[in-house]
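Below is one structure, written out as structure tokens; comments come after it.
The values are calculated or read from the model by the stated rules, or taken from the named source; none is laboratory data. In this text, all values refer to a predicted model and were calculated from it rather than measured experimentally. In this analysis, Cβ positions are derived from the backbone assuming ideal geometry, glycine residues included, and neighbour counts consider all displayed protein chains.
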Amino acid sequence: MNMRLVFIGVILLLVELYAYQAVKTITRERWILIIYQLVSLLAFAYILYGFSQFDRKVGQNAQSLFTIGLLLLTLIPKLIVAVVLLGEDIFRMFATIINYFTQADSLKEAIPGRRRFISQVAIGLAAIPLTSLLYGMTKGKYNFKVIRQTIFFPDLPDNFDGMTITQFSDVHSGSFDNPEKIQYAVDLINQQKSDIILFTGDIVNTHAKEMHPWIDTFKKIETPKFGKYSILGNHDYGEYVEWPSQTAKNENFAAIKDLHRQIDFKLLLNENVKLKNGGDEIALVGVENWGIKFKQAGDLAKASQGLKKEDFKILMSHDPSHWDAEVQNHENNYHLTLSGHTHGLQFGIEIPGFLKWSPVQYVYKHWAGLYENMGRYIYVNRGFGFHAYPGRVGIWPEITVIQLKKGERVA
């Protein structure tokens with residue numbers, strides 16, 4: 001472990017040296033260099049202090065959120081500068097070697113100096129993530145988007161043709177700091193006038209008390225025709241902090257489950273309900289969290305008791321890896337699965353119809369939006385709140401509206 005810390009320390013030192021060289025190449029003004037050094041030193045000192053104050057018994061709080069945000073603001077732009085200048089150093093090294101073997105002694109040159117233009121380019125490139133991260137922390141984390149999706153099923157019961165679902169996921173109420181923005185998002189949910197509202201887990205970061213200031217706000221979500229239903233996510237089990245006793249952990253878990261009742265949602269714990277419309281019905285199935293490398297409390301067999309293969313089913317399962325591992329090819333035929341969990345890493349680039357990228361795609365095959373396999377679908381919501389990094393860049397907080405239509409999908 002000590003060698004790992006030494007290695008990380010050496011890398012961070014090199015990144016800082018490269019960043020300072022870039023600034024020094026652009027300007028020789030002493031006061032600018034002093035200000036740069038002071039700002040870097042203060043940021044580094046606060047980051048060390050912030051991490052030293054992290055309490056495993058408390059978990060994520062406002063200070064840890066800010067510390068992670070400051071770390072990213074400090075490190076990523078400088079890392080980009082370091083990569084550009086490292087590339088220049090490699091070029092300078094090869095230029096020196098070629099010059100040594102190809103030029104006469106009188107024409108041999110010392111190692112070429114660092115070029116001011118390259119440092120300007122490096123700092124210009126670094127400004128892109130810097131401004132993006134700042135925007136994400138101040139505006140982006142509450143830049144709520146309503147995303148609409150129509151899905152066709154040939155065996156959808158007739159009386160559910162045109163049914164609308166509003167889904168939201170990953171509230172992480174312990175991260176909120178702006179009541180007006182949360183009220184705005186709740187108003188957006190109500191404006192959709194959907195037939196059913198589904199919440200797919202992670203109501204808190206860890207503690208039930210995180211949701212207490214927001215209960216009245218979320219209780220304003222209007223109850224539609226078919227009701228409001230919810231499930232648990234991996235953060236709702238209190239797995240990521242140290243508890244003074246198992247009893248305290250159990251009490252917190254019970255309190256988290258009761259939060260759903262307090263905001264008038266029916267929490268499905270490995271169970272299903274039948275939604276009836278006229279003479280038709282569909283099944284809504286809710287499992288507890290099941291994820292690869294995460295808590296696996298979900299029991300699909302138990303949640304599906306009493307259901308037949310031919311029944312039309314909507315499954316709520318927080319982690320999309322559950323769909324990969326068990327659901328998509330299950331003999332019981334789950335028509336539509338609704339998930340969340342990934343947050344799209346809260347960082348990426350999305351240009352509809354052209355580009356959709358986030359580093360999280362290298363971990364999760366299904367990480368945002370709609371996916372299909374042999375007529376079965378999963379929709380992965382990008383998340384309502386935020387966690388760890390206190391912002392969002394390119395992957396905005398999402399309220400999903402899905403319309404179910406009877407028939408074949410039009411190519």
Looking only at residues that are among the hydroxyl-bearing types (Ser, Thr, Tyr) and either over 21 Å from ILE128 (Cα atoms) or touching a strand residue (DSSP E or B) at 6+ places or on another chain (Cβ under 8 Å) (or both) in the range 28-74, which one is surrounded by the most Cβ atoms within 10 Å (Cβ to Cβ)?
SER64
Just checking, does the range 219-234 include any residue being surrounded by 14 or more Cβ atoms within 10 Å (Cβ to Cβ), touching a Phe, Trp or Tyr at 6+ places or on another chain (Cβ under 7 Å) and assigned to a loop (DSSP other than H, G, I, E, B)?
no
Is it the case that LEU338 is assigned by TED's automatic domain parsing to the domain that holds ILE395, touching a residue at least 40 places away in the same chain (Cβ under 8 Å) and on the phi < 0 side of the Ramachandran plot?
yes
Test PHE384 against the stated conditions and say whether it is of a type in the set (Phe, Trp, Tyr) and under 19 Å from GLY291 (Cβ atoms).
yes
Here is a check on your reading of the model: is ALA254 among the small types (Gly, Ala, Ser), surrounded by fewer than 21 Cβ atoms within 10 Å (Cβ to Cβ) and assigned to a strand (DSSP E or B)?
no
All positions within the range 287-313 that are within 22 Å of the chain's Cα centre (by Cα) and free of Cβ contacts under 8 Å to residues at least 60 places away in the same chain
VAL287, GLU288, TRP290, GLY291, ILE292, LYS293, GLN296, GLY298
When the range 235-245 is examined, which residues are found to be surrounded by 14 or more Cβ atoms within 10 Å (Cβ to Cβ), of a type outside the set (Phe, Trp, Tyr) and over 19 Å from the mean Cα position of the chain (by Cα)?
VAL241
Suppose we keep only residues that are without any contact (Cβ under 8 Å) to a residue 60 or more places away in the chain and outside any helix (DSSP H, G or I) within the range 155-196. Which one would you say is nearest to LYS139 (Cα to Cα)?
ASN178
